[in-house]
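Report on the following structure.
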Amino acid sequence: MKKISVLIVEDSRICVEMMSSLLRKRGFYINYYQEAKKAIEEIENGLLYDIAIVDRSLGDSEAYSGDDVIDLSKKINPDIPVISFCGYKTKALRADGHLVKPVSLDRIIEEIKVHVHR
């Protein structure tokens, strides 16, 4: 069975490193970015992933937000699920699901399994 590839876009280095490490140990392949601009560039350049988890409150000096990453991902890859991820309860308009921080690894994996059908 092919490993599920997860794109994580999160500006907290500690959060993204912890999520990435734990998900890798559970057999997932991870690409992560701490800046919306870099994630947008990679998506535009054809980055392949099975699901994206994107921090909505992400923002960087180029004035891109997590919502911009979500919108672009859904525009370029409409069939690839995107999960919005932040400290407030409002799901991004174009997201397929939502996780509220703080969240357990089991809840993240559950959300991935709900949206990625292999």
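Sort through ILE8, ILE30 and tell me the only one that's over 14 Å from VAL82 (Cβ atoms), within 14 Å of the chain's Cα centre (by Cα), assigned to a strand (DSSP E or B) and of a type in the set (A, V, I, L, M).
ILE30
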Exercise for the section: Name every residue in the range 67-118 that is of a type in the set (Gly, Ala, Ser) and either more than 12 Å from ALA52 (Cβ to Cβ) or modelled with pLDDT of 90 or more (or both), in order of residue number. Expected result: SER73, SER84, GLY87, ALA95, GLY97, SER104
Practice task
Go through the range 1-39 and count every residue that is over 22 Å from LYS101 (Cβ atoms) and either surrounded by 17 or more Cβ atoms within 10 Å (Cβ to Cβ) or touching a helix residue (DSSP H, G or I) at 6+ places or on another chain (Cβ under 7 Å) (or both).
Solution key: 1
Practice task
Among the residues of the range 82-97, write down those that are of a type in the set (Phe, Trp, Tyr) and within 11 Å of the chain's Cα centre (by Cα).
Solution key: PHE85
Practice task
With the condition kept exactly as written, say whether any residue in the range 60-83 is part of a loop (DSSP other than H, G, I, E, B) and touching a residue at least 40 places away in the same chain (Cβ under 8 Å).
Solution key: yes
Completion exercise
For the range 43-57, the count of residues that are surrounded by 16 or more Cβ atoms within 10 Å (Cβ to Cβ) and assigned to a helix (DSSP H, G or I) equals 1
Practice task
Name the single residue, out of those in the range 84-111 being among the aliphatic types (A, V, I, L, M) and part of a strand (DSSP E or B), that is nearest to LEU23 (Cα to Cα).
Solution key: LEU99
Problem - Condition met for ILE14 (part of a helix (DSSP H, G or I) and over 10 Å from the mean Cα position of the chain (by Cα)) - result: yes
Practice task
Filter the range 93-118 down to residues that are out of contact with any helix residue (DSSP H, G or I) (no Cβ under 9 Å at 6 or more places or on another chain) and aliphatic (A, V, I, L, M) and give me whichever is nearest to PRO78 (Cα to Cα).
Solution key: VAL116
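The values are calculated or read from the model by the stated rules, or taken from the named source; none is laboratory data. The model shown is predicted, which means the values in this text are computed figures rather than measured ones. We place every Cβ from the backbone using ideal geometry, glycine too, and count neighbours over all the protein chains shown.
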